[in-house]
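The values are calculated or read from the model by the stated rules, or taken from the named source; none is laboratory data. Treat the numbers as computed from the prediction; the structure is a model and nothing was measured. Note: ideal-geometry Cβ built from the backbone for every residue, glycine included; neighbour counts use all protein chains shown.
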Amino acid sequence: MHLPLRSFAVFGILLLATSAAHAQEGDIVAERPGHFLVPSLLNPLTVQLETGITVQRDESIFNGTRFNATQVHYLSTALRVGLLKTVEVRVLGEYLSDRVVENGKEAQARAREGINGLGIGAKIMIREEDGALPEASFLFQLGLPVGNSDFAPPFSAPSFTLGLHNTLSDALGLYYGLSGSWDGISAAGSGGYTVALTDAITPRIGGFIEAYGSFIPHSPPSHAIDAGLGIIIAPQLQIDLFGGKGITRNAPDLYFSAGICYRLPRWGGWPY
């Protein structure tokens with residue numbers, strides 16, 4: 001998960017394998033992989049851990065100098081808890097390693113690493129799907145000024161996403177949404193979008209393809225695409241693999257991500 005702690009520039013938040021509309025009864029429904037928001041919420045008193053690793057490569061040229069950047073997002077993690085039937089809360093965090101090489105001079109590479117901020121959030125159900133009217137949820141998250149000073153925002157950084165979903169067939173689903181965010185530095189916010197098509201290939205294997213992007217003040221828009229697969233190993237366990245590519249100059253060139261989602265055994269007598 002690319003954690004939206006500082007920005008939703010490449011944004012959204014994820015889905016996998018089988019969507020809520022297509023999953024078998026009791027199967028896990030995760031927000032990995034991808035960037036789109038899954039409107040479905042966890043059931044009350046359900047606890048789910050979603051984590052993964054992402055490697056991102058990017059090359060840019062500024063004032064005649066070529067910069068090659070490699071970022072590794074270790075343990076990009078969301079701990080999600082179903083609070084009420086219409087409310088879900090979460091805690092977010094990750095460890096980031098960032099390395100930049102100028103003009104291929106490895107000996108002069110600049111490297112930083114540390115906790116890339118922490119965040120809290122809540123997802124609220126707006127409506128269930130009804131015919132052509134989509135399922136809809138609203139996600140609010142707040143990046144906290146905690147962690148490595150090179151990465152964490154100096155002030156709290158809010159972001160929000162409206163996620164929508166339409167069932168197209170027994171196997172196909174359409175996810176789309178809009179978001180806004182602030183980086184904790186500038187008073188100006190940024191906006192984003194995401195559109196994804198999911199396919200339940202089998203009852204346990206699903207895939208998706210997605211386009212997403214962001215609009216940042218005084219900068220060209222950023223657009224990218226990605227695709228991936230997820231496999232439900234057990235009703236409470238899912239693994240995933242996906243990758244993406246920027247299609248505009250200021251989007252990351254390439255990235256790859258692998259992750260796992262685990263729903264903790266139920267507690268408090270609540271059924272899934």
Determine the pairs where a residue that is over 29 Å from residue 203 (Cα atoms), located within the range 159-188, has a partner that is among the β-branched types (Val, Ile, Thr) with Cβ atoms under 6 Å apart, the partner being 6 or more residues away or on another chain. 179/161
Quick one: would you say residue 242 is surrounded by fewer than 20 Cβ atoms within 10 Å (Cβ to Cβ), under 23 Å from residue 164 (Cβ atoms) and in contact with a Gly (Cβ under 9 Å, 6 or more places away or on another chain)? no
For the range 184-218, how many residues meet the condition of being among the acidic types (Asp, Glu), more than 14 Å from the chain's Cα centre (by Cα) and surrounded by 22 or more Cβ atoms within 10 Å (Cβ to Cβ)? 0
Looking at (1) out of contact with any Leu (no Cβ under 9 Å at 6 or more places or on another chain); (2) more than 20 Å from residue 240 (Cα to Cα); (3) assigned to a strand (DSSP E or B); (4) touching a residue at least 12 places away in the same chain (Cβ under 8 Å), which is the one condition that is false for residue 61? (4)
Any residue in the range 104-119 that's within 20 Å of residue 144 (Cα to Cα): show its pairings with residues that are in a strand (DSSP E or B) and at pLDDT below 85 at Cβ separation under 9 Å, as long as the two are six or more apart or on different chains. none
From the residues in the range 80-103 that are touching a Lys or Arg at 6+ places or on another chain (Cβ under 6 Å) and either in contact (Cβ under 8 Å) with a residue 40 or more places away in the chain or within 21 Å of residue 52 (Cβ to Cβ) (or both), which one is surrounded by the fewest Cβ atoms within 10 Å (Cβ to Cβ)? 98
Can you tell which of 143, 163 is under 18 Å from residue 31 (Cβ atoms), within 15 Å of the chain's Cα centre (by Cα) and at pLDDT 95 or above? 163
Any hit, the range 258-266, residues being within 19 Å of residue 181 (Cβ to Cβ), out of contact with any Gly (no Cβ under 7 Å at 6 or more places or on another chain) and either part of a strand (DSSP E or B) or touching a residue at least 24 places away in the same chain (Cβ under 8 Å) (or both): no
Residues of the range 219-239 satisfying the condition of being of a type in the set (S, T, N, Q) and either surrounded by fewer than 16 Cβ atoms within 10 Å (Cβ to Cβ) or over 26 Å from residue 80 (Cβ atoms) (or both): 219, 222
